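First comes the structure, then the notes that go with it.
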Amino acid sequence: MQQIALDIGLSAGPTVSNFLAGPNAAALQHLELWLGHKGDSALRSPVPTYFWGPSGSGKSHLLKAAREGLRGQGARVGWLDATVFEAPEFSENWVAVLMDDVHLYTAAQQQVAFAWFVHAQTLQRPVVAAGDAAPVDLQLRDDLRTRMGWGHVFGLQLLTEAERRAVLRQAADARGVFLGDEVMDFMLKRFSRDLGSLMELLELLDGYSLQTKRAITIPLIKSMLENQ
């Protein structure tokens, strides 16, 4: 059976509470402390933070969790990722700047990111960024690359298979979906093991299960693939 690579990220609303840290506990603890000032940006450290690691290690989850956490406090943030081609001007109303997938930035996006970084530092606003490589190895303009390594830097690791199983089980339980061990084995062996891809697959299976009024089984998965 052909592997499906659904690398389009988590769609269930990433938060700090649904991030299974595994070997990345230090990064999660840092973000929890960073978010824990109840909207008082004067208490939030302006020192930048950079998360890096391979696809599926959870760095985008943490960036989106930071965004949702700040929004939940009634705060406005600046957000830039590789899909944003018409970025707004930096706003003094932003309490933080968040930059995801910096390794994919075009020259124009790097210019925006550098400008935002300078404004944020001038106004003592924190920058939280994420990419696939350590700051020294980023293929970015030098002035932006060096700024990514100015503050707190956390290298993230992929979860083990047991930890991925725990995430799938937790996500399925939250949806009221039962995943048998055989179904779990099938999902982990036949599809992309990227955590975001597995979460997307679970969402697709849940929707197809509801549509067909059938439980999630291996035959149901095969049927869904045949009808795509």
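Here is how the numbers come out for the structure above:
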item: Only one of ALA108, ALA130 that is closer than 21 Å to ALA27 by Cβ and either modelled with pLDDT of 95 or more or assigned by TED's automatic domain parsing to the domain that holds LEU35 (or both); result: ALA130
item: For ASP181: the one exception among (1) farther than 19 Å from LYS64 by Cα; (2) of a type in the set (D, E, K, R); (3) in contact with a helix residue (DSSP H, G or I) (Cβ under 8 Å, 6 or more places away or on another chain); result: (3)
item: Selected residue [of a type in the set (Gly, Ala, Ser), over 20 Å from VAL102 (Cβ atoms) and at pLDDT 95 or above] from ALA26, ALA21, ALA42; result: ALA26
item: Tally of residues being in a helix (DSSP H, G or I) and among the small types (Gly, Ala, Ser) across the range 169-194; result: 3
item: Matching residues in the range 195-228 - criterion: being under 30 Å from LYS59 (Cβ atoms), assigned to a loop (DSSP other than H, G, I, E, B) and touching a Leu at 6+ places or on another chain (Cβ under 8 Å); result: ILE216
item: Criterion: within 21 Å of the chain's Cα centre (by Cα), under 16 Å from SER60 (Cα atoms) and of a type in the set (A, V, I, L, M) - qualifying residue of ALA162, ALA133; result: ALA133
item: Residue match in the range 179-188 (condition: of a type in the set (A, V, I, L, M), under 18 Å from GLY58 (Cα atoms) and outside the structural domain of ASP81 (by TED's automatic domain parsing)); result: yes
item: GLN139 at negative phi and not hydrophobic (A, V, I, L, M, F, W, C); result: yes
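Matching residues to (1) under 17 Å from VAL77 (Cβ atoms); (2) among the aliphatic types (A, V, I, L, M):
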position	(1), (2)
PHE114	no, no
ALA120	yes, yes
LEU123	yes, yes
MET148	no, yes
ALA162	no, yes
VAL177	no, yes
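The values are calculated or read from the model by the stated rules, or taken from the named source; none is laboratory data. Bear in mind the structure is a predicted one, so any value in this text is a computation, not a measurement. When we count neighbours, we look across all protein chains shown, and the Cβ atoms used for this are built from the backbone with ideal geometry, even at glycine.
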